[in-house]
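Structure, as structure tokens:
Only the coordinates and a few stated rules stand behind these numbers; no lab work does. Just so it is clear, the model here is predicted, and its values are computed rather than measured. Please note: Cβ atoms are built from the backbone with ideal geometry, for glycine as well, and neighbour counts cover all protein chains shown.
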Amino acid sequence: MQRSITVNLGNLVLSLSDAMDLASPALIHHQQRVAFVTWEMAKAAKISNERLERSFIAALLHDIGALTLEDKIALRLSETDNTEEHCVRGGLLIDRVPWFKNSARIIGTHHTQWQEWNDSIENPIVFDSQIVSLSDFLERLVDRDQYILFQNERIVEEIRSNTRSLFHPMIVDLFLSVCNREEFWLDLVSPRLYSILLNEGPFRKIEIILDDIALISELFRDIIDFRSHFTATHSSGVAASASILAKIFGLTDMEIRLMEVAGNLHDLGKLAVPNSILEKPGKLTKEEMAVIKSHTYYTYFIINTIGGLQSIAEWAAYHHERLDGTGYPFHCAAGELSTGSRIMMVADIFTALAEDRPYRNGMSRKEVMEIIGQLSRRQSLDTRIVDLLFDNYEEVYSCMAEKQNCAREFYEKQSALCERLCR
Ligand SMILES: [Fe+2]
Ligand SMILES: [Fe+2]
Ligand SMILES: [Fe+2]
């Protein structure tokens, strides 16, 4: 196990941004494309590097406050008038990560029209927010079924016709100065956009350490969990029980911290699953079950793309695997499942049984032990870890419950604040 872990900030933000847009052909690469246009315009405006970076991050994460897949699709297709809520929530969510803090105001105002600003375009926040706003507007005009060079003139005209209402004339002129090459449009829809932004974008050289990775994993834990009132604390519980089990097992301090990050991100791929399936009260159909089964595939794919987080990718993504090969979707054999992955498997199922669900209260210790004990006897779960859980049940349970109470409090505070600000 390596002693220190760093990852490239650009790669991390690009991957997580991608994760939010993976779910539907209507969304794919939406935020990445918005970031590309923002980046081109910011370079042309010759704003400082610091402003360029904050605008780039704001563009990559601009719809982070739209929690459900259904909300994101409605926004992308301009099928909703309620644009305020996701701006406010996005700004609030992002505000507690130091690397992202400066982008919060831009995210909070990315649907603010020029005519609604009571401020000068000389104000850097207004200027940068207008750039992101135009970039988002542009991407939403792209018809994904039509060749881009057959529609660029229509898009430019549409933007031009909104000068002074949606966008300040200076911002429209800035856009006109970058969009006159075919290259701009071809890059915009290129399947290689990820690597263009990674290799040439603003964060080529910024590496961040585990403390920062952990904070960002908490932000993503919340956008995964806050999609539904019922699951608002699930990943917090899994992260807490996985890290306490890792500690009792005797893993190193570094591994315990990595386990917490993996727990925060274990259901990351659920961002690709519609809420109508996640929250369905009755039994899932065969097709719906197939969609659910893809979530850990995406968890692996996204974390692995970040680079440098191989153990976290495995520990997080193998939580539905079983030692006897009956899990999904990788059907790993026992030899492929490391101690970290085995701990996560137990932590996930323990948390799911012990926490309250919409259709039932959390199970008692006796019921939990009966179900997990059965899986352990069947050689589906690692007997050593199950025994550790049973021997230290109270400690693991209270650690999980305490983290979930904190998460519940934070969730309720954020929801109330968001509601108040949107009134
Ligand atoms: Fe938006
Ligand atoms: Fe958007
Ligand atoms: Fe899961």
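Tabulated data
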quantity: Dipole magnitude of the stretch 157-206 about its Cα centre (Cβ charges: Lys, Arg +1; Asp, Glu -1), debye to nearest 20; calculated: 240
quantity: Where a label projected 7 Å from the Cα of T383 along Cα→Cβ would reach, residues of the stretch 305-326 with amide N under 15 Å; calculated: 323-324
quantity: Of N180, N264, N304, the one that fluctuates the most in a GNM where the chain has Cα springs shorter than 10 Å; calculated: N180
quantity: Cα long-axis angle, helix 393-422 against the chain (0 to 90 degrees, to the nearest 10); calculated: 20
quantity: Fully extended contour minus Cα-Cα distance, from E207 to S78, at 0.36 nm per residue; calculated: 42.8 nm
quantity: Label-point gap, in nm, between T163 and I196 - each point 7 angstrom along Cα→Cβ; calculated: 2.6
quantity: Rounded if a/c under 1.5, otherwise prolate or oblate - the stretch 3-60, Cα gyration tensor axes; calculated: oblate
quantity: Virtual spin-label span in nm between R408 and K43, 7 Å along Cα→Cβ; calculated: 5.0
quantity: Global form of the stretch 210-422, assessed from the alpha-carbon gyration tensor, a/c cut-off 1.5; calculated: rounded
quantity: CD proxy at 222 nm, helix term only [per DSSP H run n ≥ 4: -39500 (n - 2.57); per residue of the chain; nearest 500]; calculated: -19000 deg cm²/dmol
quantity: For W315, W185, order by how many other beta-carbon atoms lie within 10 Å, fewest first; calculated: W185, W315
quantity: Amide proton proximity set for E207, modelled H, under 5 Å, gap of 5+; calculated: L9
quantity: Residues whose placed amide H lies under 5 Å from that of F167, excluding near-sequence neighbours; calculated: W114
quantity: Given charges at beta-carbon only (K, R positive; D, E negative), |dipole| of the stretch 50-118 in Debye; calculated: 360
quantity: Rounded FRET efficiency, nearest 0.05, which uses the C-beta distance separating A333 from E367 and R0 of 41 Å; calculated: 0.85
quantity: Order of V172, V346, V34 - criterion: other Cβ atoms within 10 Å of each residue's Cβ, fewest first; calculated: V172, V346, V34
quantity: Selected from G250, G269, G340 as most flexible by GNM, with the chain as the system and alpha-carbon contacts under 10 Å; calculated: G250
quantity: Cα-based reach from K270 at 25 Å (exclusive), listing lysines while leaving out same-chain residues under 8 positions away; calculated: K72, K280, K283, K286, K293, K403, K413
quantity: E183 paired with D324, simple spin-label distance in nm, labels 7 Å along Cα-to-beta-carbon; calculated: 6.0
quantity: Helix 84-94 vs. the chain, principal-axis angle (Cα, 0 to 90°, nearest 10); calculated: 60
quantity: Among S48, S294, S341, residue whose mean-square fluctuation peaks in a GNM of the chain (springs only between Cα atoms under 10 Å); calculated: S48
